[in-house]
Amino acid sequence: MNSKNNNIIHIPYGGYKNETSINGVTIRQLTEKKGLDILHHRLGDGNRWAVGPIAGWDGLEFVYILKGSLSWKEKDTLKIASIGDHLIMDPILEDTLFKAIGETEFLYISSDSMYDSVDEQVKEYMDLAVTVEEKDGYTADHCSRIKDLSMKVGEVMGLSSEAMLELNFGSFLHDIGKTKVPDRILNKPGKLSIEEYEEMKLHTIYGATLLKKTGIPILEKASTIVEQHHERYNGTGYPKGLKGDDISFLANIVAVIDSFDAMTSVRVYSQGRPLESALEEIKKERGRLFHPEVVDAFLFIQKKGEL
Ligand SMILES: [Fe+2]
């Protein structure tokens, strides 16, 4: 229920027209005028939120922590801001990825409204990716699972904020090109014919093209992961048969995670393999299909019980 008294406005979550919720991050636009944008953000424990420079934009960005803490990496130093702390980015110079420690809330004030343009556009693409996971016979949360595990691997490998941000979007959107693959191929319960398989393979190129067309720098960067997530370390993958270091390191991460998830998930045409058997397969392909360092990081996460 909305109420308005003496200029105090109380609107419960879900009551805002401009409220976006995806991947454990809820953003609501409290007010906006002449470009000034005031947003409330709420992140579940461990969820991430990012800011980055946009060409031609040099506004002020201000964050004030209301609850919990945010951690991020600046060069190689880990920084933490907690309740009552504030951050000023004037303007933001590099991609920064924040992670919530405990349930975290903060006010985000920007001197130039980005809410409608970038956030909405990115959300549109994320929604599109989620429609793919349903069409593709996966249970819900496939995209989120791939993203969460990819980010864990990236964290273990000590990736930069910029790389983590690219991985965040690239992993979530890896199969977005399947929106262009006909349903009769996506939903076919049996084996695909050679022609159908060739069409299916094109989802890598379709996805990369979609992201490049957005004009959003981070999605343009992430298009490489999307294009290469089926490339394999020994050159037996697709679409280009790239080998070893010619494959984007971030795409190697998504390749391992996506393969593991495909093996263990229940799909329209398969029951899903037991965890142990899938792990054996990943180990067996270390240095063959999969990048050895990525496999090591993945197994490290598994040993910690975080799969
Ligand atoms: Fe794929």
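Here are a few things to note about the model shown:
- Length added when fully stretched, residue 19-residue 245, from 0.36 nm per residue minus Cα-Cα: 77.2 nm
- Temperature 10 °C, viscosity 1.306 mPa s: under these conditions the Stokes-Einstein estimate for the chain, based on its Kirkwood radius over C-alpha pairs, is 77 µm² per second.
- The chain, helix-only ellipticity at 222 nm - DSSP H runs n ≥ 4, -39,500 (n - 2.57), divided by all residues, nearest 500: -11500 deg cm²/dmol
- For the residue pairs 178/240; 73/147; 79/303; 135/243; 191/240; 79/221, the C-alpha atoms sit more than 21 angstrom apart in 79/303; 135/243; 191/240; 79/221.
- To put it simply, the accessible area of the stretch 145-298 at a 1.4 Å probe is 53 percent carbon and sulfur.
- Only Lys, Arg, Asp and Glu carry charge here, each on its Cβ (+1 for the first two, -1 for the last two); on that basis the stretch 202-307 has a dipole of about 140 debye about its Cα centre.
- Taking 0.36 nm per residue of sequence separation and removing the Cα-Cα distance, the residue 127/residue 303 pair yields an extension gain of 60.1 nm.
- The share of Cα pairs per 10 Å bin across the stretch 168-248, counted from zero up to the longest distance, runs 20, 45, 30, 5 percent.
- Annotation: amide H-H contacts under 5 Å for residue 85 (H modelled 1.01 Å from N, sequence separation of 5 or more, or interchain): 65.
- Per residue, the stretch 119-303 exposes 44 Å² of solvent-accessible protein surface, assessed with a 1.4 angstrom probe and all protein chains in place.
- Cβ-placed point charges (K, R +1; D, E -1), dipole of the chain about Cα centre in debye, nearest 20: 560 debye
The values are calculated or read from the model by the stated rules, or taken from the named source; none is laboratory data. Since this is a predicted model, take the numbers as computed values, not measurements. Methodologically, a virtual Cβ is constructed for each residue, glycine included, from the backbone with ideal geometry; neighbour enumeration extends over all protein chains shown. All accessible areas refer to the heavy atoms of the entire protein, side chains included, with ligands and DNA or RNA removed. Shrake-Rupley method; radii C 1.70, N 1.55, O 1.52, S 1.80 Å.
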